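Below: the structure, in structure tokens.
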Amino acid sequence: MTALTSKTETTFADLGVRDEIVRALAESGKEHPFAIQELTLPLALAGDDLIGQARTGMGKTLAFGVPLLHRVSTDETRPLTGAPRALVVVPTRELCLQVFDDLTTAAKHLRAGDRKFTVTSIYGGRPYEPQIEALRNGVDVVVGTPGRLLDLAQQGHLQLGGLSVLVLDEADEMLDLGFLPDIERILRLTPDSRQAMLFSATMPDPIITLARTFMNQPTHIRAEAPHSAATHDTTEQFVYRAHALDKVEMVSRILQAEGRGATMIFTRTKRTAQKVADELGERGFKVGAVHGDLGQIAREKALKAFRNGDVDVLVATDVAARGIDIDDITHVINYQIPDDEQAYVHRIGRTGRAGKTGIAVTLVDWDELPRWTMIDKALGLDTPDPAETYSSSPHLYTELNIPAEATGSIAAPRTPKTRTEGERAERAERPARTRNRNRRRTRGGQPATGHPEQVAETEPADAAGSDSPTGADGTDETGAPKRRRRRRPRKAAAPAAG
């Protein structure tokens, strides 16, 4: 096993990378490789199988992307014909798009004969036809998620028999998401002679077994401290005991801290993610949301807005946030603490990346203390009993550099139509509701117009119990009018005897 923890002044050109790739990387501001890249490139360029282990934000994408592009584009014995020559398998749609963007940027000056070198992305949640058409037109590198890749391969649209390079990225995440059986099926469709690279933040036993099965004497490269749970040294961590009803107030003030840039807020549930995004939007913050209840178009739109800076706060659940790879995030806020220490490391690893500094703030409610104690002990953070903190606590302002005049809002409430990027896209995906279009008013159970009685449409109650309790204003949580119980008409009293 090889280990290295520091970044040197070696350039990509010094490592033998072809000029077109070096030029593309320089144009995007990347001239010097990070530790994992500097160790990986010589072995990968030589065609060796390898396992790369590094934390989130250490540059794993280019560690396999640069040698992959170099080898595929310089192999004179096997000219590019439009059949896939390299495959990168990733666990999530968001990571798929991130890797696709990075490889496309690095390959922008490459040519495949008389055409442009082509990278394409394949993932679920989008129509099949454009992806099938892209494969039919010819591609050189495919980046995709396991389910859709396997589906297209079994249908005969994706040919994997001509691969020269195979990469499994974030292998531990694929294990957590239950993709291991699909991965094994994909591996059986690839030739034995291809080069294989596996990258993972941690190395649980099933991943080690998988590597032994499909790799040929791989070299294990670790570009971090020996303990896999290590957090970024450049990330300053703050932990506060907070009351659930005061958390949004606290977050509103943290978002006004001096020097605060792009910020990610993590929740444990989809419902809480949307609720926090809505409330912050109403307080004037530019916020987006990414969680499982949003459609793929809505999630992509929110992520694009976050990357472009149209919104500078992104609220996400753990699963939805996997693969979000942005280097300039300054703050991470754990609105709800994660399930375990590994999830905590992944969360706060979103900041303090690529040598930059970052701030991680964790808000621990009273009922979360037992779980936090376990995380604190596992990571050796020495904060088992966080200080009780409120949105008005002076030490909150002092420690996080929040201006004394900061309040719970920064602007007038935003209208519901402009709350979040995710909501806007989600509403565009939904069909128009016409359910209550033909309702008629009734009096005493009889139609107001004198026509035979028409029963007004009502939605059936959820058999498992309602998830949208009605409020005192006569509306439920979605803003829809509360249904009223229809009274039966009273029988007319019999006339008195004369």
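Quick look at the values:
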{"item": "Ranking by accessible area, most exposed first, for Glu300, Glu9, Glu341 with a 1.4 Å probe", "result": "Glu9, Glu341, Glu300"}
{"item": "Length released on extending from Asp327 to Leu369, taking residue separation times 0.36 nm less the Cα-Cα span", "result": "12.0 nm"}
{"item": "Virtual paramagnetic centre 7 Å along Cα→Cβ of Glu388, amide N under 16 Å, in the range 347-380", "result": "364-369"}
{"item": "Trp366, Trp372, reordered so the largest accessible area comes first (probe 1.4 Å)", "result": "Trp366, Trp372"}
{"item": "Potential extension, His243-Ser409 segment - 0.36 nm per residue separation minus Cα distance", "result": "57.9 nm"}
{"item": "Extension gain (nm, one decimal) between Asn308 and Ala46, 0.36 nm per residue minus Cα-Cα", "result": "90.6 nm"}
{"item": "Among Ala302, Thr351, Ala257 - extreme Cα towards positive end, dipole of the range 235-400, charges at beta-carbon", "result": "Ala302"}
{"item": "Per residue accessible area of the range 12-222, 1.4 Å probe, in Å²", "result": "39 Å²"}
{"item": "His395 accessible area, 1.4 Å probe, all protein chains in place, Å² to nearest 10", "result": "60 Å²"}
{"item": "The range 176-202 and the range 11-72: distance between their alpha carbon centers, rounded to Å", "result": "21 Å"}
{"item": "Among beta bridges that DSSP assigns inside the range 36-154, antiparallel share in %, nearest 5", "result": "20 percent"}
{"item": "Charge tally in the Cβ shell below 15 Å around Thr330, where Lys, Arg are +1 and Asp, Glu are -1, Thr330 excluded", "result": "+2"}
{"item": "Cut-off 12 Å between beta-carbons: net charge of the residues surrounding Leu103, Lys and Arg +1, Asp and Glu -1", "result": "-3"}
{"item": "Exceeding the 27 Å Cα-Cα cut-off - candidates Lys275/Lys301; Lys60/Lys356; Lys275/Lys356; Lys247/Lys286", "result": "Lys275/Lys356"}
{"item": "Centre separation in Å (Cα based) which lies between the range 275-295 and the range 102-163", "result": "33 Å"}
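The values are calculated or read from the model by the stated rules, or taken from the named source; none is laboratory data. Note that the structure is predicted; figures quoted are calculated from it, not measured. Methodologically, a virtual Cβ is constructed for each residue, glycine included, from the backbone with ideal geometry; neighbour enumeration extends over all protein chains shown. Surface accessibility is based on the protein's heavy atoms, side chains included, excluding ligands, DNA and RNA. Shrake-Rupley method; radii C 1.70, N 1.55, O 1.52, S 1.80 Å.
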